[in-house]
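The values are calculated or read from the model by the stated rules, or taken from the named source; none is laboratory data. These numbers were taken from a predicted model, which means no experiment stands behind them. For neighbour counting, all protein chains shown are included, and Cβ atoms are generated from backbone atoms with ideal geometry for every residue, glycine included.
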């Protein structure tokens, strides 16, 4: 975190066009929270060892980054927590502390699920087991094929999203243990679920209807679904 706080303080200095508002914004501030996307690939899994080489994690990509122009700050190397391994629950505990200290309201875990086959689940499952970690969280289903392209395009497919009709209910059921956690982020009492690429779903209406029905039947509430505008 070296250098972060001074930079933050500089960014908080009022600009030349700032005009103070006399309204009481405390109520608004309480209604708005920042949720950070959380990439779980900072730990080893057998599949990545096979696909990318023994010992691969996202740190492999971080350290390979090169500057592309004068003044381009690359690679961005870690300071405060170092090259952490997300199989260590103490890392998540430290990250939760940092989030609380700097105003981050929770983490949105990228969630990888392929027709009953989950990948990179260790961090979020560790969070479930460590009930003492005070960290609100939610899930973003990264519903696209894993490829060697790294850009969402389906060139050489490593593991494919099959989108079988029976997967809709299986996927919804797989989420119930997470939304049952009291730390799971809800909006108006409804569990927040993000679907990364709804346009990739062969029948989005069917998938959403099954997701809602499964949650409601289980007493988990009607999910509050969010779509990022990332494609098309």
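The residues of segment 82-93 that are surrounded by 13 or more Cβ atoms within 10 Å (Cβ to Cβ) and either touching a strand residue (DSSP E or B) at 6+ places or on another chain (Cβ under 8 Å) or in a loop (DSSP other than H, G, I, E, B) (or both), listed by number, are 84, 85, 86, 87, 88.
Residue 40 satisfies every condition listed in (1) modelled with pLDDT under 95; (2) within 21 Å of the chain's Cα centre (by Cα); (3) not in a helix (DSSP H, G or I) except (1).
For segment 32-59, enumerate the residues that are surrounded by 14 or more Cβ atoms within 10 Å (Cβ to Cβ) and over 26 Å from residue 135 (Cα atoms). Selection gives 47, 48, 51, 52, 56.
Scanning segment 122-176 for residues that are assigned to a loop (DSSP other than H, G, I, E, B), buried (at least 16 other Cβ atoms within 10 Å of the Cβ) and in contact with a strand residue (DSSP E or B) (Cβ under 8 Å, 6 or more places away or on another chain) yields 135, 136, 142, 143, 145, 161. As a summary of the residue check, residue 2 satisfies the conditions (1) in a loop (DSSP other than H, G, I, E, B); (2) at pLDDT 85 or above; (3) closer than 30 Å to residue 122 by Cβ except for the one numbered (2). Among the residues of segment 94-121, the ones that are in contact (Cβ under 8 Å) with a residue 60 or more places away in the chain, in a helix (DSSP H, G or I) and surrounded by 18 or more Cβ atoms within 10 Å (Cβ to Cβ) come to 1 in all.
Out of the residues in segment 177-206 meeting the condition of being touching a helix residue (DSSP H, G or I) at 6+ places or on another chain (Cβ under 6 Å) and assigned to a helix (DSSP H, G or I), tell me which one is modelled with the lowest pLDDT. Step by step, filter segment 177-206, then rank; the result is 198.
Would you mind stating whether residue 180 is exposed (fewer than 14 other Cβ atoms within 10 Å of the Cβ), under 27 Å from residue 92 (Cα atoms) and without any contact (Cβ under 8 Å) to a residue 60 or more places away in the chain? Yes, satisfied.
Of everything listed in (1) surrounded by fewer than 17 Cβ atoms within 10 Å (Cβ to Cβ); (2) in contact (Cβ under 8 Å) with a residue 40 or more places away in the chain; (3) out of contact with any helix residue (DSSP H, G or I) (no Cβ under 7 Å at 6 or more places or on another chain), the single unmet condition for residue 70 is (2). Within segment 139-161, is even one residue at pLDDT 95 or above and touching a helix residue (DSSP H, G or I) at 6+ places or on another chain (Cβ under 8 Å)? Within segment 139-161, one or more residues are at pLDDT 95 or above and touching a helix residue (DSSP H, G or I) at 6+ places or on another chain (Cβ under 8 Å).
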